[in-house]
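These notes are about the structure you will find just below.
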Amino acid sequence: MKTNLDGKVVVLTGAGRGIGLAMACELYRQGAKLVLCDLDKECLGQAVLQLPGSDASIQIHGIDVGDAAAVQQVADSAVSAFGKIDVWINNAGIARHAPVIDYTEDDVDSMVDTNLKGTFWGCQAAMRHMTGQKSGTIMNVTSTASLRGIPTESFYCATKWAVRGFTQALQEEAAPYGIRVINLMPGGVDTAFWDKAVDHKMPVDAFLTPEHVADVAISALLQPDEVVLRDVVVRSVNDRDYAGRS
């Protein structure tokens, strides 16, 4: 049966900018009820103004996804307001660009807390509600950095490899409950992610736009209920692996 996003309840983290904001805009156009989360609540509030009308179908939460209790509170609030959670998208993520020898403990902890723990807590909160429904979709936005090592992004890659392994396990655990789990792996995307990159040779002009990634995400969500696109890699035709650049 074809999935329709009209009236679906979608929780989306990292919704204040970039890929998350592009997803929020498209989900809203599709008629979804949105529960939007971001660490920067002020930025999130400004982002919501870009949607065609802020009404009772939108909730916003300024939270740190590395805080398990806060993430669970978002899930409970969504169910209290809308009665269910149909889709949970773990999009929040951060990178600290540095050579291995220059990473600080704060750099490492922040990436673990947001990229790895944040994804885990989101999946856990979603599963707690979706297993009872025996339906739902979880999408983890990882990266092609989960498939290859990239200089000056070593620990970012490490967290994304960990998320990919966790997601593969969750796919098996969730399937008996009728829950689809999608691993969305964008390549380079022209966002603020690169603003503090050590390697400024990255060809952002050849990268995807956030809207490209949002379109692919929506397409994956719109597959028939009995179909899951488990591992989706999306890259610009003009993007090339780091090792292939001079």
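Hey, does the range 89-110 have a residue that's polar (S, T, N, Q) and assigned to a helix (DSSP H, G or I)? So that I can check it myself, show each step before the final result.
Within the range 89-110, the subset polar (S, T, N, Q) is 90-91, 104, 110.
Cutting the leftovers down to assigned to a helix (DSSP H, G or I) gives us 110.
Checking the range 89-110: at least one residue is polar (S, T, N, Q) and assigned to a helix (DSSP H, G or I).
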**Asked** Of the conditions (1) in contact (Cβ under 8 Å) with a residue 60 or more places away in the chain; (2) under 30 Å from Glu226 (Cα atoms); (3) not hydrophobic (A, V, I, L, M, F, W, C), Ser57 fails just one. Which one is it?
**Response** (1)
**Pair list, Cβ under 8 Å, 6 or more apart: the range 85-112 residue in contact (Cβ under 8 Å) with a residue 60 or more places away in the chain, other residue in a helix (DSSP H, G or I) and of a type in the set (Phe, Trp, Tyr)** = Ala95/Tyr156; Ala95/Phe193; Arg96/Phe155; Arg96/Tyr156; His97/Tyr156
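Name the residue, out of Ala125, Ala169, that is touching a residue at least 12 places away in the same chain (Cβ under 8 Å), small (Gly, Ala, Ser) and under 19 Å from Ile182 (Cβ atoms).
On the way: Ala169 fails: touching a residue at least 12 places away in the same chain (Cβ under 8 Å).
Answer to the selection: Ala125.
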**Message:** Just checking: which of the strands (runs of 3 or more DSSP E) contained wholly in the range 7-66 hold 3 or more residues that are surrounded by fewer than 24 Cβ atoms within 10 Å (Cβ to Cβ) and not hydroxyl-bearing (Ser, Thr, Tyr)?
**Reply:** 58-62
**Fill in**
Selection from the range 131-163 of residues without any contact (Cβ under 8 Å) to a residue 24 or more places away in the chain and either crowded, with 19+ Cβ neighbours inside 10 Å or part of a loop (DSSP other than H, G, I, E, B) (or both) yields Ala145, Gly149, Cys157
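Going by the structure shown, is Ile138 touching a Leu at 6+ places or on another chain (Cβ under 8 Å) and either modelled with pLDDT under 90 or within 19 Å of Val65 (Cα to Cα) (or both)?
On the way: touching a Leu at 6+ places or on another chain (Cβ under 8 Å): yes; either modelled with pLDDT under 90 or within 19 Å of Val65 (Cα to Cα) (or both): yes.
Answer is yes for this residue.
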**Request:** Filter the range 195-231 for residues that are out of contact with any strand residue (DSSP E or B) (no Cβ under 9 Å at 6 or more places or on another chain), buried (at least 17 other Cβ atoms within 10 Å of the Cβ) and modelled with pLDDT under 90 and give the result.
**Result:** Met202
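So for the range 111-130 (the condition being surrounded by fewer than 17 Cβ atoms within 10 Å (Cβ to Cβ), closer than 26 Å to Ser219 by Cβ and among the polar types (S, T, N, Q)), does at least one residue qualify?
no
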**Message:** Looking at (1) touching a residue at least 60 places away in the same chain (Cβ under 8 Å); (2) within 24 Å of Asp231 (Cβ to Cβ), which one does Phe82 not meet, given that it meets all the others?
**Reply:** (2)
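The values are calculated or read from the model by the stated rules, or taken from the named source; none is laboratory data. Fair warning: this is a prediction, and the values are worked out from it, not measured in the lab. Here Cβ is always computed from backbone atoms with ideal geometry, including for glycine, and neighbour counts include all displayed protein chains.
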